[in-house]
Amino acid sequence: MDMSGYAEEYINPEIISSDSNNPTTARILDSGQEVESLRFNKKQVVFSVEILGRKYKYRPSKTSVRVLNKQLGAESTAWVGKVIKLVSVIQSISGVPKKTVMVV
């Protein structure tokens, strides 16, 4: 089994700019993969992205996917190679304020 995908880090808010005037730039490397989320008991999509020459996994929220659909179109294969901007924000998730990463 190829274990290389399990060694990659996921994007977290600590490595993403919280300044909306200076967002973090990421380049989308693949068209995404649907994965089962055990934590949320639903399917999510995970993309490989590159930030400052380093490869990460990015699991966008539904809101971020909507923004990407609007900006880049609904077909994720067209997203490959595109540059996106990310910011770290505090968002209420199930009534609890939590840092999260959003596409701008």
Which one of these is within 11 Å of the chain's Cα centre (by Cα), polar (S, T, N, Q) and either closer than 17 Å to residue 103 by Cα or surrounded by 12 or more Cβ atoms within 10 Å (Cβ to Cβ) (or both): 18, 48? 48
Of all residues in region 61-104 being among the basic types (Lys, Arg) and not in a helix (DSSP H, G or I), which is surrounded by the most Cβ atoms within 10 Å (Cβ to Cβ)? 85
Among the residues of region 8-35, which ones are in a loop (DSSP other than H, G, I, E, B), more than 10 Å from residue 86 (Cα to Cα) and either in contact with a helix residue (DSSP H, G or I) (Cβ under 7 Å, 6 or more places away or on another chain) or among the small types (Gly, Ala, Ser) (or both)? 31, 32
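Each value in this text was obtained by applying a stated rule to the coordinates, not by laboratory testing. Since the structure is predicted, the reported quantities are computational estimates derived from the model, not experimental observations. Glycine gets a Cβ as well: all are built from the backbone with ideal geometry, and neighbour counts include every protein chain shown.
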